[in-house]
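Data first, discussion second: the structure below is written as structure tokens.
The values are calculated or read from the model by the stated rules, or taken from the named source; none is laboratory data. Treat the numbers as computed from the prediction; the structure is a model and nothing was measured. Neighbour counts are summed over all protein chains in view; Cβ atoms, including those assigned to glycine, are modelled from backbone coordinates with ideal geometry. These area figures cover heavy atoms from the full protein model, side chains too; ligands, DNA and RNA do not enter into them. Shrake-Rupley method; radii C 1.70, N 1.55, O 1.52, S 1.80 Å.
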Amino acid sequence: MAVVEMSRVTIVGAREDRDAVLKTLRSAAVVDVDAPDELPAEASELRAQRDRVRRVRARLGGETTAATTMDPEHAAAVVERAEQVLGHIDALATRLTALEDERRLAVPWADVDPEDLRWLERQGVVVGVHRVGRGELDADALDELAWASVRPRGRGRVEVITVSPEPDEGLPLPVLELPPRALAAVEQDIDETRTEHGRLTARLEDLRTEAPRLSAYEASLDDRIEYLRVRQGTDTDPRLFTVEGHCATRDLPVLRGRLAEETAVLLVGPPGVGTPVPVALDNPPVVRTFEPLVAAFKLPSYGELDPTPLIAPFMGLFFGFCLGDLGYGLVLTGLSWAALAWGRPSGDLRVLLRWAVVLGLCTMGIGALLGNVFGVRMHEWLDLPADALLFTLVDRPEQLFYASLGFGVVQLGLGMAIRLGLMLRQRRLQAALGALAWLLVIPTLSLALIGTWPWWPFAAVCLTLLVFAAPERGLGPRLGGGLWALYNVSGLLGNVASYARIFGLGLSSGIIAMVVNTIAATLADGVLGTIAAAVVLVLGHAFNFAMAVIGSVVHPARLQLLEFLDTFFEGGGRPFAPFTAKYKGDA
């Protein structure tokens with residue numbers, strides 16, 4: 001349950017054997033190869049084609065699982081056809097937008113042909129259409145016109161059609177723009193464009209069945225690009241090639257076995273020579289589901305403590321208290337399990353669903369201890385006293401509040417104890433005194449506030465912080481760092497107070513569930529009332545469930561990544577990425 005031990009490996013061989021060795025190394029998939037970031041010139045065309053495939057796949061959607069067989073020429077032809085169809089669809093969509101704008105211009109003129117109006121204007125008869133508010137209309141000005149018609153348009157506006165012998169003799173009001181074509185011609189064009197758009201969209205649906213082969217084609221292009229990048233990094237000598245990288249120490253037998261049939265020499269040494277050591281984590285299956293949470297923040301550096309086993313139980317505990325309902329936990333577990341079993345997801349979605357199953361099980365356990373099932377107090381069903389529950393959200397909610405603060409004291413204390421252990425392990429005795437002082441801040445202050453201890457232990461802790469919080473500096477910077485540490489004592493207390501969000505989320509989701517049940521019970525009278533009550537129950541609990549799940553992930557994750565990890569964790573490692581092939585089929 002730690003960061004996997006790495007070894008530095010160097011493979012040296014004759015230049016003519018390079019491609020064979022690289023292919024063997026790729027099939028082994030156990031070495032993170034040091035390779036230049038810049039791609040060779042010969043890979044530029046492949047990268048351009050790969051980017052084309054990605055754009056087409058993003059537009060097509062469909063299956064994301066790569067096919068096991070794939071013809072590169074066929075896949076490239078599919079990309080070409082898809083680009084043509086997508087280009088035509090985009091052009092038609094742009095044309096439809098322009099036609100809709102033209103239609104809006106033509107609607108006020110109905111079936112009047114604009115060419116007829118232009119002919120009348122050349123003959124000295126000007127027809128104008130005005131849309132204005134009633135208050136802008138001057139009745140005297142209308143009387144002076146040769147002909148005018150006023151029609152109401154709603155919301156206090158009117159449409160005025162005027163006929164005058166000269167343009168300057170009409171109403172002094174804005175005139176609607178004359179459309180290029182008649183409304184009937186525009187609508188016919190719109191219908192024809194939509195028909196063509198639909199025909200091309202149907203062709204796109206046919207192309208969507210090619211999505212697995214396009215996924216395989218993209219993976220094969222990625223493999224060729226990565227191969228060329230790694231190959232470029234081996235050009236160290238005209239007669240020899242050299243591959244350098246890192247391999248998990250436990251996988252060295254696999255690497256030796258794969259290279260046994262190749263004419264190459266494998267050299268193994270300690271990690272961290274020349275380049276940063278990549279990081280791979282090794283945790284049990286349940287704890288492994290929490291690794292993406294740590295990775296989303298930052299991986300530990302090589303040799304640093306992996307915080308995942310420490311985060312996992314606290315995250316499950318806090319999530320369970322925030323959601324806090326046996327019924328909601330059952331729904332979360334059931335939905336996630338069903339999606340895993342029947343949906344057969346892959347990649348990040350599969351990892352997320354496994355994590356949701358673990359969090360759902362945690363919620364079920366804690367929800368049972370809290371006695372909540374879809375907002376119903378379970379002990380009332382079982383005729384048990386309220387004291388049989390872990391906490392009673394309705395009768396004594398302050399218990400959960402104090403417990404939430406207690407969680408903060410315990411978790412932050414654990415983090416500071418780990419930091420103390422790390423300082424002692426590194427034989428940084430002065431820094432260890434500072435870490436010990438941080439660990440004793442909350443106990444000494446709490447005991448002094450309640451009167452159990454005098455104030456001098458807390459004062460001694462503050463003095464220790466002043467002197468040893470920043471011990472690796474000169475006297476001035478040391479005292480300055482100490483004063484900053486004393487100021488940050490209030491920040492530590494604020495971090496403890498942050499754990500009250502567990503209480504807030506748990507209480508709010510529980511109360512909302514009870515309110516939904518109360519409203520439904522009030523409505524449940526007669527057939528219509530029963531139907532309305534059922535709708536309220538389903539929609540109310542669905543909304544509360546969705547919002548509570550989001551809050552139960554976001555806020556406990558914040559407590560882990562910001563408050564807890566800040567006490568001992570530095571991070572900054574890069575993930576272990578072995579040289580391997582993404583496409584596993586036959587090309």
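In order along the stretch 515-528, the Karplus-derived 3J(HN,Hα) couplings, from 6.51 cos²θ - 1.76 cosθ + 1.60 at θ = phi - 60°, round to 5, 4, 5, 5, 4, 5, 5, 5, 7, 6, 9, x, 5, 5 Hz, and Gly and Pro are given as x. Surface composition of the stretch 1-129: carbon and sulfur atoms hold 50% of the protein heavy-atom accessible area at a 1.4 Å probe. For the chain, the longest principal axis of the Cα atoms and the long axis of helix 183-208 meet at an angle of about 30 degrees. For the Cα trace of the stretch 18-87, dividing Rg by the Kirkwood Rh returns an Rg/Rh value of 1.05.
Surface exposure of the chain, expressed per residue as accessible area with a 1.4 Å probe, stands at 53 Å².
Along its three principal directions, the equivalent ellipsoid of the stretch 408-448 from the Cα gyration tensor extends over semi-axes of 20, 12, 4 Å, largest first.
Hey, if you drop one equal point scatterer on each alpha-carbon of the stretch 288-364 and run the Debye formula without solvent, what base-10 log of I(q)/I(0) do you get at q = 0.19, 0.27 Å⁻¹? Log-scaled intensity ratios, in q order: -0.82, -1.19. Rolling a 1.4 angstrom probe over the stretch 200-319 with all protein chains present gives an accessible area of which 58% lies on carbon and sulfur atoms.
Regarding the stretch 423-546, what whole-number volume in Å³ per residue does the convex hull of its Cα atoms give? Write out the running numbers ahead of the final one.
Values: hull volume 19.4 nm³, N = 124.
Spelled out: Cα convex hull of the stretch 423-546, divided by residues, is 156 Å³.
For the stretch 531-573, the fraction of C-alpha pairs more than 13 angstrom apart is 66%.
With all protein chains in place and a 1.4 Å probe, the accessible surface of the stretch 328-380 carries 71 percent carbon and sulfur. Remark: C-alpha extents of the stretch 475-528 on the principal axes read 81, 12, 8 Å, sorted largest to smallest. Amide hydrogen proximity for A2: with H placed 1.01 Å from N in the peptide plane, the residues at 5 or more positions away or on another chain lying under 5 Å are D282. Its relative contact order, with pairs defined as Cα atoms under 8 Å and 6+ residues apart, puts the stretch 480-587 at 25 percent. For the chain, the longest principal axis of the Cα atoms and the long axis of helix 18-28 meet at an angle of about 80 degrees. Based on Cα contacts under 8 Å between residues 6+ apart, the chain shows a relative contact order of 23 percent. With the convex hull of the Cα atoms taken as the outline of the stretch 515-587, the averaged projected area works out to 11.4 nm². Amide H to amide H, with H built 1.01 Å from N, V279 comes under 5 Å of R574, F576, counting only residues 5 or more places away or on other chains. Charged side chains reduced to their Cβ positions (Lys and Arg at +1, Asp and Glu at -1) give the chain a dipole of some 2780 debye around its Cα centre. Here the contact order of the stretch 413-454, divided by its residue count and restricted to Cα pairs under 8 Å and six or more residues apart, works out to 34 percent. Applying the Karplus relation 6.51 cos²θ - 1.76 cosθ + 1.60 with θ = phi - 60° to the stretch 68-84 yields 3J(HN,Hα) values of 7, 10, 7, 9, x, 5, 5, 4, 5, 5, 5, 4, 4, 5, 5, 4, 5 Hz, where x marks Gly and Pro.
Using only the Cα atoms, what convex hull volume per residue in Å³ does the chain have?
On the way: hull volume 193.8 nm³, N = 587.
Taking the convex hull of the Cα positions in the chain, it is 330 Å³ per residue.
Amide H to amide H distances under 5 Å link W453 with A448, where only residues 5 or more positions off or on other chains count and H is placed in the peptide plane. Based on the Cβ-Cβ distance of K23 and A295, what FRET efficiency does E = 1/(1 + (r/R0)^6) give at R0 = 30 Å, to the nearest 0.05? That gives a FRET efficiency of 0.50. Relative to the longest principal axis of the Cα atoms of the chain, the long axis of helix 44-60 lies at roughly 70 degrees.
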